[in-house]
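The values are calculated or read from the model by the stated rules, or taken from the named source; none is laboratory data. Keep in mind that this is a model prediction, so the values were computed, not measured. Ideal geometry is used to build each Cβ from the backbone, glycine not excepted, and the neighbour counts take in all protein chains shown.
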Amino acid sequence: MVECLRADQCGYRFLVLFFNCMLTFGSYFCFDMPSVLQQKFTGVSNCTGNETGLESNSSGNFCIKCDDCLAMTEDNYNLLYAIYAWTNAIVVIAAGFLIDKLGNRVSVFLFSFLCVVGSCTFAAGTMLKGTTAMLPVMLLGRLIFGSGNGSLTIVQNCITAYWFRNKELAMAFGITLAFSRLGSVLNFLLTSNFADAHGLTWTLWGGAMLCGLGFVSAIVVSVLDAEGVKQLGDTESRRVQSKKMRIVDIKHFSLQFWLLALAIMFFYNGVFPFVADASQFIQTKYKMDSTTSSYIAGAVYDVSMVISPFLGRIIDKIGKRGVLAFLCAVLTIPVFGLLAFSTVYPLVSTLWLGFTYSVAAASMWPSIPLVVSQATIGTAMGLTTSLQMIGIGLSNLIVGQILGKDQKLDIAETLQRWKYVMIFLLANAILCVTTTMSLNIVDRRRDNVLNASKKGRMERQRLVNPISESINSEGERTTIAESEYSETDPILPKANKDSNVG
């Protein structure tokens with residue numbers, strides 16, 4: 001059946017994109033399940049003098065009461081996110097290099113399988129409630145899950161970059177993000193009610209089953225990718241490129257790449273730690289129930305799911321990636337200011353953050369293939385993800401330390417600590433502004449790679465490489481350089497010289 005489809009047609013690459021998107025649907029659903037279930041993770045089954053929960057007990061201490069709780073401290077709860085981030089920071093560097101060396105098909109099987117094993121281990125940990133083994137087993141599950149999910153996202157991006165390079169690249173990244181965030185949105189909408197009806201353990205096992213859906217999608221996308229590459233005659237060229245890739249090639253990555261990676265790290269330092277604790281923050285400060293607070297916290301991903309594909313399509317046309325990255329960083333600063341210093345309804349802030357997050361994701365991540373060669377995309381994505389996760393891991397630890405290990409805090413002290421958390425997240429947004437400003441200055445001095453429109457990039461390529469023009473399947477004139485390498489990178493001349501890719 002696959003042989004009947006033509007890989008050079010638009011429909012084929014979008015079919016690849018659909019199953020590629022489904023790779024991370026279940027894993028993104030699972031990733032933020034602790035956020036929605038934070039009350040069950042940190043609550044206790046017995047609050048003396050408190051039968052309603054979310055109130056101060058007879059001693060004036062803040063207490064959360066529920067019957068299906070794990071009684072974690074806030075510090076241990078944030079450790080669930082921190083270990084995920086730290087694992088990613090270590091694993092994804094090697095994973096990116098392995099993807100470039102071994103190819104997408106082997107990698108997608110390995111990392112999707114790790115997601116399934118990790119989510120199952122995490123769910124099994126809750127069955128050890130009340131024992132000293134519970135937390136270590138759950139942390140082990142998050143560690144395995146983090147090893148798979150961060151690396152799986154890199155494979156996903158590499159597949160997208162191959163099939164959509166010099167086509168609808170930003171839109172394809174946007175659609176991929178939308179599908180992933182659909183999993184996050186459904187988590188925020190459904191998980192709390194499901195847990196109330198069926199219990200915490202069965203809820204987490206349900207998430208593990210969704211990760212199994214990602215493994216099935218890995219099989220399908222692997223078959224489609226293999227057949228498509230074969231039809232396009234790229235099998236040998238990809239094999240040659242993977243053999244040439246060396247870990248020392250990272251020293252040739254441009255300054256644009258490193259500034260871009262730092263900008264991504266600082267921006268996500270504000271978003272992910274906030275979403276991880278947003279549900280509890282909203283319950284505490286605005287005195288809302290767990291279901292409503294989960295919906296409001298999930299609005300960050302609601303916006304991203306809806307507008308990311310459209311933003312990607314626009315950015316494909318107009319460019320201005322560096323400028324947009326700077327603007328979304330600037331516009332994120334008021335979000336945390338409102339949360340820290342005002343009582344404005346929190347949905348305003350989460351919707352606002354959802355918009356700036358969508359613009360950042362649609363402008364920053366698709367920029368990476370523009371500043372590195374095709375043969376090093378996996379390694380570049382791995383390094384970027386590693387820096388991102390190092391930042392997120394540190395941020396989660398800092399947030400946990402600010403909130404404190406002691407659950408016996410009065411409400412006033414708790415709110416004061418949440419204010420300090422928002423100020424910390426605001427500081428990361430300011431650092432992102434500084435980094436993106438530097439990125440635009442450097443980019444302007446280096447041929448304006450990030451801010452050029454699609455038409456401008458193609459015109460520049462024709463001036464630099466006026467020979468070897470051909471007509472692609474959509475009737476567009478392309479050059480050899482356009483089809484394989486689109487920007488100047490220190491290792492590109494060698495790659496262009498050594499690989500005869502048409």
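The residue of region 354-384 that is surrounded by the most Cβ atoms within 10 Å (Cβ to Cβ), among those that are at pLDDT 85 or above and of a type in the set (Val, Ile, Thr), is Thr384.
Identify, from the list Leu190, Leu182, the residue that is under 20 Å from Val306 (Cα atoms) and without any contact (Cβ under 8 Å) to a residue 40 or more places away in the chain.
Working: Leu182 fails: without any contact (Cβ under 8 Å) to a residue 40 or more places away in the chain.
None of the other options fit; the residue is Leu190.
Checked against the criterion of being of a type in the set (A, V, I, L, M, F, W, C) and under 18 Å from Gln38 (Cβ atoms), region 426-437 has no qualifying residue. Does any residue of region 306-323 turn out to be among the hydrophobic types (A, V, I, L, M, F, W, C), assigned to a helix (DSSP H, G or I) and under 19 Å from Leu431 (Cα atoms)? Yes, region 306-323 has at least one match.
Please determine, by comparing only the residues of region 309-320 that are closer than 28 Å to Pro346 by Cβ and modelled with pLDDT of 85 or more, which one is surrounded by the fewest Cβ atoms within 10 Å (Cβ to Cβ). Within region 309-320, the match that is surrounded by the fewest Cβ atoms within 10 Å (Cβ to Cβ) is Phe310.
Can you work out which of the residues in region 50-73 that are of a type in the set (D, E, K, R) and in contact with a strand residue (DSSP E or B) (Cβ under 8 Å, 6 or more places away or on another chain) is modelled with the lowest pLDDT? Even if it seems obvious, please write down each step before you answer.
If we filter region 50-73 for residues that are of a type in the set (D, E, K, R), which is where we start, we get 51, 55, 65, 67-68.
Still in the running and in contact with a strand residue (DSSP E or B) (Cβ under 8 Å, 6 or more places away or on another chain): 51, 55, 65.
Values: Glu51: 41, Glu55: 45, Lys65: 56.
Top of the filtered list is Glu51.
Per-residue answers, yes or no, for (1) of a type outside the set (Lys, Arg); (2) in contact with a strand residue (DSSP E or B) (Cβ under 9 Å, 6 or more places away or on another chain); (3) at pLDDT 65 or above; (4) assigned to a loop (DSSP other than H, G, I, E, B):
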residue	(1), (2), (3), (4)
Ala7	yes, no, yes, yes
Gly11	yes, no, yes, no
Leu15	yes, no, yes, no
Phe19	yes, no, yes, no
Cys30	yes, no, yes, no
Asn46	yes, yes, no, yes
Asp75	yes, no, yes, no
Asn78	yes, no, yes, no
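Can you confirm whether Thr414 is in contact with a strand residue (DSSP E or B) (Cβ under 7 Å, 6 or more places away or on another chain) and surrounded by 18 or more Cβ atoms within 10 Å (Cβ to Cβ)? Before the answer, list the steps.
Working: in contact with a strand residue (DSSP E or B) (Cβ under 7 Å, 6 or more places away or on another chain): yes; surrounded by 18 or more Cβ atoms within 10 Å (Cβ to Cβ): yes.
Criteria met by Thr414.
Within the option set Thr435, Thr414, being assigned to a helix (DSSP H, G or I), closer than 28 Å to Tyr357 by Cβ and at pLDDT below 90 holds for one residue only, Thr414.
A quick yes/no check of all residues on (1) within 30 Å of Leu37 (Cα to Cα); (2) in contact with a Pro (Cβ under 8 Å, 6 or more places away or on another chain); (3) not aromatic (Phe, Trp, Tyr):
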position: Tyr162; (1), (2), (3): no, no, no
position: Thr176; (1), (2), (3): yes, no, yes
position: Leu182; (1), (2), (3): yes, no, yes
position: Asn187; (1), (2), (3): yes, no, yes
position: His198; (1), (2), (3): yes, no, yes
position: Thr203; (1), (2), (3): yes, no, yes
position: Ala218; (1), (2), (3): yes, no, yes
position: Glu227; (1), (2), (3): no, no, yes
position: Gln231; (1), (2), (3): no, no, yes
